[in-house]
Structure formats: C-alpha cells, structure tokens
Amino acid sequence: MKMHSTSEPSFPQLPPLSRRRLLQLGMLGTAGCGLSLSQLLAAEHEAGQYGIRATADNCIMLFLDGGPSHLDMWDMKPQAPDGIRGEFKPISTSLPGYQMSEHLPRMAQLAHRSTVVRSMHHSVNNSHGAAVYTALTGVDRGEVGGLASATDHPHMGPVLAKLRPTPPNVLSHVHLPYITQEGAGNPPQPGFFAGFMGRSYDPLFVLKDPNAPDFKVPELTLETDVSAARLAQRRSLFSTLGSQLPLRKGESGPVEMTAMQDRAMDLLSSEASQRAFRLNEESDADRERYGRNIYGQSTLLARRLIEAGTRVVTVSWAPDANATWDTHGSNFQNLKTTLLPQLDAACSSLVTDLDSRGLLDRTIVAVFGDFGRTPRINANNGGRDHWNFCYSLQLFGGGFRQGQIYGTSDETGAFPASSPLIPGDILSTMYYALGIPPLHEVYDQLHRPNRVVPSGEVQHELLA
C-alpha cells in the first residue's frame with residue numbers, strides 16, 4: 001500500500017505552441033464552441049504559468065446519486081461494535097493490506113490501479129440536491145438551494161467544453177440515463193447543468209434506456225426524407241436568420257439558440273458521434289459483462305462515447321434521489337442484491353476495457369456520490385441514514401496515483417482521522433489533471449468572473 005507523499009512534485013512547462021497548433025486553435029475558436037483563439041491561448045498560457053501538463057483528456061463520472069455507504073464498500077470496519085460494522089465481510093484486494101466489500105469482488109481486483117480516498121466530508125447532511133451540487137461543482141452553501149437554477153455554478157462538462165473544446169462534430173459532454181430529480185416527481189437536482197454559462201453549454205441528455213432492445217437516439221438521426229444537401233440548406237437558413245436576430249444588452253437567448261442549432265447540425269452530420277450509440281455493435285458477451293441493466297449499459301455507452309472523442313460523460317445512477325443509493329431502509333439487502341453487483345460489473349468492465357484500449361491513462365474514472373451513510377444502523381430493516389461528516393470515493397486513470405489509499409477515518413467511520421478533503425479538493429485535482437487551473441475564471445452571461453472551482457485546492461499527493 002502506497003503512502004501519500006507530503007512533498008509537491010514539479011511539473012514540466014507546456015511546450016511552445018507550434019504554427020500547426022495555432023492553426024488548430026484558430027479553427028476551434030471559430031467552430032461554434034464559444035471560445036476565441038485569444039481566450040484559449042490565455043488558458044494555455046495560464047496553465048503554463050501554473051506548471052500544468054495535462055495528464056488526462058477525458059473524464060467519466062459514475063455518480064452514485066443518493067449517498068453510497070462507505071462503511072459497506074470502501075471503508076469497512078470489521079472490528080467496530082455490533083450495530084455499526086454491518087453484515088458484509090471484507091475481502092482482500094489486489095492492493096496488499098487493503099480490503100473492500102465482499103460484494104465488490106471485481107473492483108477489489110483493480111484496487112492496485114486506483115486511488116481510494118476515505119476522508120471526504122462537507123457541510124450538507126439533509127438536502128440531497130445541495131449535497132449533489134457540492135459534490136459536482138465544489139460549491140458548498142450548506143442546506144440551501146436544493147433545486148437547479150440558471151444562476152448555478154456549472155458542471156465540469158460545460159467548463160471543459162469552453163476551455164478544452166472538442167471538434168464541432170464531436171459530442172463534448174453527455175449525461176445519461178436520467179436527469180435525477182430531488183425526489184420522485186420533483187424538479188431536477190442542481191450540479192448537472194451549465195448554469196450561469198448558459199443553456200447552449202448544457203450536455204446532451206440521453207434519457208432512454210440503453211438496455212432496451214429498441215434503444216436509439218433519434219435526436220442524432222436525420223429523418224428519412226432529409227438528405228445531406230437539404231440539411232446544408234437548413235443550416236444556411238438558420239445561420240442567416242440567426243444573424244438577423246436583434247440582440248439587446250443583457251439578453252443571450254438569440255446567441256444561445258444559434259449556438260444550439262449549430263451544434264445540432266454538426267452532430268446530425270457526424271457518423272462517429274452517431275455510431276457511438278449503436279450498442280448492437282457490441283458482442284453479447286461484452287454487454288453481459290457490463291450488466292444487462294440501465295446502468296451497466298449506460299456505462300458501456302460512456303466507454304463508446306469516450307472512444308468517439310467525447311470529453312466528459314456523467315452517469316447519474318438514480319432516476320430520483322431516493323431511488324437507489326439512498327438506503328435509509330434495507331441498506332444491506334439493496335446493496336448485496338442489486339446496487340453493488342451492478343456497480344461491480346459496470347465499473348470493473350469499464351476500467352478493464354479502457355485499459356486494454358490504451359485509454360485509461362488519459363481518462364479519469366471517478367466513482368463517488370453526494371455523501372456517505374451513518375455508522376449507526378437504524379431499525380428500518382437495517383438501513384443507514386445520511387452522513388456528510390465522512391465518506392469515501394475511488395478514482396482511476398488520468399494521472400491519479402495507482403495503488404494509493406488516501407486518508408483515514410476514525411474507528412467507526414464517523415469522522416476523518418487524517419488528511420480530510422472536501423469536494424472542491426477533488427474537483428480541483430481533477431481539473432488540474434485535465435490541464436485546467438482551478439483558479440482559472442469562467443464568465444457568466446453578464447461577463448462576471450467566477451473561479452472554475454470556488455473552493456478547494458489541488459491535492460498533488462493524489463497524482464502520480
């Protein structure tokens with residue numbers, strides 16, 4: 001088991017920009033990505049000033065919405081008193097001296113490829129929405145703000161779409177398979193959207209079951225009576241109309257509409273982006289390996305999107321906050337029969353496949369939720385309640401240190417005992433690995449500056 005270092009490593013400066021790179025940046029700056037050449041050069045210059053050399057190009061978030069039980073997954077306490085330790089047995093992992101839940105056997109054999117953090121915490125214990133917002137943006141405003149708003153801080157996907165744009169015919173960031181609601185029938189949770197960056201930076205939401213026999217994304221498919229030539233004519237018409245729309249001070253609607261139309265036209269003409277959704281090209285054995293359920297097939301789709309050039313994919317593992325990982329009741333029953341076997345199959349297959357395809361080194365796979373569960377088991381058929389004071393997460397690839405267990409919790413898993421971290425620390429480190437200084441500023445639609453990560457610091461000990 002590797003211990004984390006206390007010394008900060010030095011990072012080489014970015015190489016000088018070549019004429020070819022300048023031309024590429026110029027093309028990207030005019031491709032409807034919302035980023036000018038001067039802005040992108042400024043971002044790269046700032047990264048050079050910080051000594052950043054990106055170790056990752058892409059990110060997949062397996063977001064266990066509702067609060068996964070750290071005590072029954074990553075940070076088991078077999079010596080804790082009855083009523084705390086739970087009913088699962090710890091098993092050895094591929095990392096000597098570290099144990100995980102018996103219901104994560106495949107992930108346990110990949111522990112040597114990951115960093116596990118066991119000392120996470122933040123201030124939100126009641127509102128799932130507020131906790132999700134903290135976990136995904138680094139903005140910790142306590143229990144305030146449980147629903148999505150146009151003034152929210154943006155998710156990582158929109159920020160990377162702005163600062164590390166993909167080519168115009170490639171999906172920049174995709175969210176699947178649910179826009180998770182705060183509760184069944186309630187509005188969406190915050191943290192998954194572009195927020196103050198504007199709707200044109202929202203992800204493509206794929207809200208269909210990839211495990212369904214008839215799965216397809218009609219939004220990316222031309223109607224049978226629309227030819228490529230006709231599509232080009234429509235694009236020219238949209239462009240002409242868009243240029244004639246009046247733009248008043250403080251109004252961004254026309255600009256956003258034009259940007260969304262441009263993106264839609266690019267994707268309708270992109271064979272690579274459309275092909276990523278053809279899961280029927282995968283063998284039956286590979287689909288079974290990921291798990292023939294909505295989350296397993298969403299994770300398989302995430303891999304295919306990364307292969308097609310997508311920068312960020314978020315898999316939100318719940319239709320609403322109370323549906324899956326929010327195990328107030330029947331915690332052990334739900335974990336062992338459904339949640340952990342599904343996660344084990346999907347995550348282990350994803351990491352193994354990315355590795356075999358040479359993509360893991362440049363792709364961060366982040367497995368985390370909005371908080372953990374209480375040490376004390378309740379009387380609701382063996383449930384655990386919300387617990388924000390200490391929880392765990394796991395990170396693979398993209399420059400994160402392999403075979404590291406970072407931080408510790410106390411004897412009951414109630415509070416960090418060493419090296420406590422907050423969500424902003426993790427996000428800052430992920431951005432850093434992706435080549436974005438967390439102190440860099442992104443602007444809202446009134447051109448007001450906001451730090452990429454409002455609070456938190458890069459944790460160099462987590463990186464190789």
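The values are calculated or read from the model by the stated rules, or taken from the named source; none is laboratory data. Keep in mind it's a predicted model, so treat the numbers as computed, not measured. Counting neighbours? That spans all protein chains shown, and the Cβs are built from the backbone with ideal geometry, glycine included. Ligands, DNA and RNA are stripped out before the accessible areas are found, and what is left, the full protein with its side chains, is counted by its heavy atoms. Shrake-Rupley method; radii C 1.70, N 1.55, O 1.52, S 1.80 Å.
All of 420, 416, 341 fail the test of being more than 22 Å from the chain's Cα centre (by Cα) and farther than 17 Å from residue 98 by Cβ, apart from 416.
Going residue by residue through segment 367-388, is there one that turns out to be closer than 27 Å to residue 56 by Cβ, out of contact with any Pro (no Cβ under 9 Å at 6 or more places or on another chain) and polar (S, T, N, Q)? Within segment 367-388 (the criterion being closer than 27 Å to residue 56 by Cβ, out of contact with any Pro (no Cβ under 9 Å at 6 or more places or on another chain) and polar (S, T, N, Q)), the answer is no, since none of the residues qualifies.
Quick one: in segment 249-300, which of the residues that are basic (Lys, Arg) and in a helix (DSSP H, G or I) is modelled with the lowest pLDDT? Break it down into steps so the answer makes sense when it comes.
Here is the first cut: in segment 249-300, the ones basic (Lys, Arg) are 249, 263, 275, 278, 287, 289, 292.
So of that shortlist, the ones also in a helix (DSSP H, G or I) come out as 263, 275, 287, 289.
Working: 263: 58, 275: 91, 287: 98, 289: 98.
The selected residue is 263.
One line per residue, one yes/no per condition, for (1) of a type in the set (A, V, I, L, M, F, W, C); (2) under 28 Å from residue 356 (Cα atoms); (3) modelled with pLDDT under 95:
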| position | (1), (2), (3) |
| --- | --- |
| 65 | no, no, no |
| 85 | no, no, no |
| 98 | no, yes, no |
| 104 | yes, yes, no |
| 115 | no, yes, no |
| 119 | no, no, no |
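Is segment 301-311 home to any residue that is surrounded by fewer than 18 Cβ atoms within 10 Å (Cβ to Cβ), in contact with a Gly (Cβ under 9 Å, 6 or more places away or on another chain) and at pLDDT 95 or above? No, the conditions are met nowhere in segment 301-311. Within the set 85, 106, the sole residue that is open to solvent by 10 Å² or more (accessible area, probe 1.4 Å), basic (Lys, Arg) and touching a Leu at 6+ places or on another chain (Cβ under 9 Å) turns out to be 85.
The set of residues in segment 416-457 that are more than 24 Å from residue 361 (Cβ to Cβ) and charged (D, E, K, R) comprises 441, 444, 448, 451, 457.
Against the list (1) surrounded by fewer than 21 Cβ atoms within 10 Å (Cβ to Cβ); (2) at pLDDT 95 or above, the condition residue 242 fails is (2). Of all residues being within 18 Å of residue 390 (Cβ to Cβ) and in contact with a helix residue (DSSP H, G or I) (Cβ under 7 Å, 6 or more places away or on another chain) in segment 89-103, which is surrounded by the most Cβ atoms within 10 Å (Cβ to Cβ)? Just the residue, please. Residue satisfying both the conditions and the ranking: 100.
For beta carbons closer than 6 Å, sequence separation of 6+ or different chains, a first residue in segment 313-334 that is within 10 Å of residue 69 (Cβ to Cβ) and a second that is open to solvent by 30 Å² or more (accessible area, probe 1.4 Å), the qualifying pairs are 327/334; 332/87. Scan segment 287-312 for residues that are in contact (Cβ under 8 Å) with a residue 60 or more places away in the chain and under 21 Å from residue 220 (Cα atoms) and the total you get is 15. Taking (1) part of a strand (DSSP E or B); (2) open to solvent by 10 Å² or more (accessible area, probe 1.4 Å) in turn, residue 380 satisfies each apart from (1). Cβ-Cβ distances below 6 Å connect the following pairs, each with a first residue in segment 336-351 that is in contact (Cβ under 8 Å) with a residue 12 or more places away in the chain, a second residue that is open to solvent by 40 Å² or more (accessible area, probe 1.4 Å), and a separation of six or more residues or different chains: 336/103; 340/103; 344/106; 348/106; 349/289.
Which pairs turn up if I take residues in segment 424-441 that are under 10 Å from residue 459 (Cβ atoms) and touching a residue at least 40 places away in the same chain (Cβ under 8 Å) and look for partners that are open to solvent by 10 Å² or more (accessible area, probe 1.4 Å) and assigned to a helix (DSSP H, G or I) with beta carbon separation below 9 Å, at least 6 apart in sequence or on another chain? These pairs meet every condition: 432/460.
Evaluate segment 347-364: report whether one residue or more is part of a helix (DSSP H, G or I), within 21 Å of residue 205 (Cβ to Cβ) and open to solvent by less than 20 Å² (accessible area, probe 1.4 Å).
The first filter runs over segment 347-364 and keeps only residues part of a helix (DSSP H, G or I), leaving 347-356, 360-362.
Still in the list and also within 21 Å of residue 205 (Cβ to Cβ): 350.
Subset that is open to solvent by less than 20 Å² (accessible area, probe 1.4 Å): 350.
Taking every residue of segment 347-364 in turn, at least one turns out to be part of a helix (DSSP H, G or I), within 21 Å of residue 205 (Cβ to Cβ) and open to solvent by less than 20 Å² (accessible area, probe 1.4 Å).
Which ranges mark the helices (runs of 4 or more DSSP H) fully within segment 98-193 that have 2 or more residues being over 14 Å from the mean Cα position of the chain (by Cα) and farther than 18 Å from residue 317 by Cα?
Details: elements: 105-108, 128-137, 156-163.
Ranges flagged: 105-108, 156-163.
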